[in-house]
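A quick write-up on the structure given underneath.
The values are calculated or read from the model by the stated rules, or taken from the named source; none is laboratory data. Nothing here was measured: the structure is a model prediction, and the numbers come from that model. Here the Cβ positions follow ideal geometry from the backbone for every residue, glycine too, while neighbour counts run over all protein chains shown. Side chains are part of the model used for accessible areas, which takes the heavy atoms of the whole protein and leaves out ligands, DNA and RNA. Shrake-Rupley method; radii C 1.70, N 1.55, O 1.52, S 1.80 Å.
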Amino acid sequence: MDTDFYRMKRLPPYVIAEVNGLRAAARAAGKDIIDLGMGNPDQPPPAHVIDKLCEVARKPDAHGYSQSKGIPGLRKAQANYYATRFGVELDPASEVVVTMGSKEGLASLANAITAPGDVVLAPNPSYPIHTFGFIIAGATIRSVPTTPDEEYWRALESAMAFTVPRPSVLVVNYPSNPTAEVVDLAFYERLVAWARENKVWVLSDLAYSELYFDGKPTPSIMQVKGAKDVAVEFTSMSKTYSMAGWRMGFAVGNKELIAAMTRVKSYLDYGAFTPIQAAACAALNGPQDIVESNRQLYHKRRDVMVEAFGRAGWHIPPPPASMFAWAPLPPALKDMGSLEFSKQLLLHAEVAVAPGVGYGEEGEGFVRIAMVENEQRLRQAARNVKRYLASLGHNGAPTEVG
């Protein structure tokens, strides 16, 4: 029987899985691995959110199928969030849909609007779903830079001039996963004008909207006049409210795209468990202390990590937002490559990071560090790294030190 499945042939081996396998083996052998690889929040959601989940789950009528597009109260709560945070008015009925995390939302929309052979512009490096969601749907990816400088705009113009067929979708993600780069509202104004002129849909992933530092709030593309004509934006409750495993996200914006996505989802799922949606309402409508608390938590961790790793001999540029640092390999090891470096760091320093090449070929030479361990563990990771770097011989291989 033929098992050479069409879509499997389009998916390369998941590079980061190699490091994950080594990490699991090391832990099984009893090693204390400090895991800075996966962006998995280590804090719990607010108590009132968990209380709401339990309260609704005890109701006998709460265990049937839910609504694929999200219960009305949750869509209204998300519209209220956009009105309060960004000054953007949304129609909860036609411009908001609930997703099972932003990742599922991007994949569902890709399936809704992509035909085989379509060309999609996606950043490189980028979070894998930004490219592979469309590859699975049959599209061809043309990479554009992640850094939002003038080279970015030249790459967009070149793509429109020389790509056949012309690209129909552009994915943007700021604050960026993995690079943590940010943009201002002027960037989105220019982007909306470009998209309208070139008849390109813009999909904005704003999953890290509330994890900004240094008093510079993250803007939304929806703040731009005319954005709803060309754009949809995805947000997530995973990091903002420490609800990653709950799988709660949203898509908002252009009515045609929201309708297409809603229609596809109606064939694929019955929506998230109703008590989870009710608890998400409690998160959005209730006290917002956790939003500032999480922001300060990651800000403090960033400062500790940058300072401690710097003293260990590894300079890491401080990220302006998100829960990640995008770190160049230590100069003495830059020729090792990000995958091999990640393996060696795990084996000899017992610190797990994500190899940059797993986010695209332009990620080579970097690793992504997730700030998901407490300050004490971050300092311990830095000490382990310092010991590893000190142990290296002239050929870059660890030698005995003592």
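Condition test on Gln380, is it part of a helix (DSSP H, G or I), exposed (fewer than 15 other Cβ atoms within 10 Å of the Cβ), modelled with pLDDT of 95 or more and of a type in the set (S, T, N, Q)? Spelling it out, it is not the case that Gln380 is part of a helix (DSSP H, G or I), exposed (fewer than 15 other Cβ atoms within 10 Å of the Cβ), modelled with pLDDT of 95 or more and of a type in the set (S, T, N, Q). Filtered by the rule that a residue be aromatic (Phe, Trp, Tyr) and either at pLDDT 95 or above or on the phi > 0 side of the Ramachandran plot (or both), region 348-374 gives a lone residue, Phe366.
Across region 95-108, which residue is nearest to Phe234 (Cα to Cα) among those that are open to solvent by 10 Å² or more (accessible area, probe 1.4 Å) and at pLDDT below 95? In this case the residue turns out to be Ser102. Take the conditions (1) open to solvent by 10 Å² or more (accessible area, probe 1.4 Å); (2) outside any loop (DSSP other than H, G, I, E, B); Pro219 misses just one of them, which is (2).
Of all residue pairs spaced 6 or more apart or on separate chains, those with beta-carbon atoms under 7 Å, a first member in region 62-80 that is in contact (Cβ under 8 Å) with a residue 24 or more places away in the chain and a second member that is surrounded by fewer than 16 Cβ atoms within 10 Å (Cβ to Cβ) and not acidic (Asp, Glu) are Tyr65/Tyr270; Ser66/Tyr270; Ser68/Ser266; Ser68/Tyr270; Ala77/Asn285. Here Tyr267 clears all of (1) over 19 Å from Phe234 (Cα atoms); (2) at pLDDT 95 or above except the condition numbered (2).
Check whether at least one residue in region 4-12 is open to solvent by 80 Å² or more (accessible area, probe 1.4 Å) and in contact with a strand residue (DSSP E or B) (Cβ under 8 Å, 6 or more places away or on another chain), and report yes or no. Write out each step before concluding.
From region 4-12, those open to solvent by 80 Å² or more (accessible area, probe 1.4 Å) are 4-9; that's our starting set.
Narrowing further to those that are in contact with a strand residue (DSSP E or B) (Cβ under 8 Å, 6 or more places away or on another chain): none.
Checked against the condition, which is being open to solvent by 80 Å² or more (accessible area, probe 1.4 Å) and in contact with a strand residue (DSSP E or B) (Cβ under 8 Å, 6 or more places away or on another chain), region 4-12 yields no hits at all.
Only one of the numbered conditions (1) β-branched (Val, Ile, Thr); (2) part of a helix (DSSP H, G or I); (3) open to solvent by less than 20 Å² (accessible area, probe 1.4 Å) is not met by Val357, and that is (3).
Given (1) of a type outside the set (Gly, Ala, Ser); (2) in a loop (DSSP other than H, G, I, E, B); (3) touching a Pro at 6+ places or on another chain (Cβ under 6 Å), where does Pro12 come up short, assuming only one miss? Only one criterion in (1) of a type outside the set (Gly, Ala, Ser); (2) in a loop (DSSP other than H, G, I, E, B); (3) touching a Pro at 6+ places or on another chain (Cβ under 6 Å) is unmet by Pro12, namely (3). It is to be established whether one or more residues within region 38-48 are under 13 Å from Leu346 (Cα atoms) and either among the charged types (D, E, K, R) or assigned to a loop (DSSP other than H, G, I, E, B) (or both). Scanning region 38-48, I find no residue that is under 13 Å from Leu346 (Cα atoms) and either among the charged types (D, E, K, R) or assigned to a loop (DSSP other than H, G, I, E, B) (or both), so the answer is no.
Filtered by the rule that a residue be assigned to a helix (DSSP H, G or I), open to solvent by less than 60 Å² (accessible area, probe 1.4 Å), out of contact with any Gly (no Cβ under 9 Å at 6 or more places or on another chain) and not hydrophobic (A, V, I, L, M, F, W, C), region 131-158 gives Gly133, Tyr152, Ser158.
Here are the criteria: (1) under 25 Å from Ser242 (Cα atoms); (2) open to solvent by 50 Å² or more (accessible area, probe 1.4 Å). Tell me which single one Val372 does not satisfy. The single condition Val372 does not satisfy is (2). For the condition under 14 Å from Tyr208 (Cα atoms) and hydroxyl-bearing (Ser, Thr, Tyr), Tyr298 qualifies. Tyr267 meets the conditions (1) part of a helix (DSSP H, G or I); (2) open to solvent by less than 20 Å² (accessible area, probe 1.4 Å); (3) closer than 14 Å to Gln67 by Cα; (4) not β-branched (Val, Ile, Thr) in every case but one. The failed one is (2).
Kindly evaluate Leu389 against the criterion of being over 27 Å from the mean Cα position of the chain (by Cα) and buried (at least 18 other Cβ atoms within 10 Å of the Cβ). Spelling it out, Leu389 is indeed over 27 Å from the mean Cα position of the chain (by Cα) and buried (at least 18 other Cβ atoms within 10 Å of the Cβ). Yes or no: Asn111 modelled with pLDDT under 95 and polar (S, T, N, Q)? Yes; evaluated as a whole, the condition is true for this residue. Looking only at residues of region 241-254 that are buried (at least 24 other Cβ atoms within 10 Å of the Cβ) and not aliphatic (A, V, I, L, M), we find that the one that is nearest to His299 (Cα to Cα) is Tyr241. For region 338-354, filtering for residues that are touching a Lys or Arg at 6+ places or on another chain (Cβ under 9 Å), outside any loop (DSSP other than H, G, I, E, B) and in contact (Cβ under 8 Å) with a residue 60 or more places away in the chain leaves 3.
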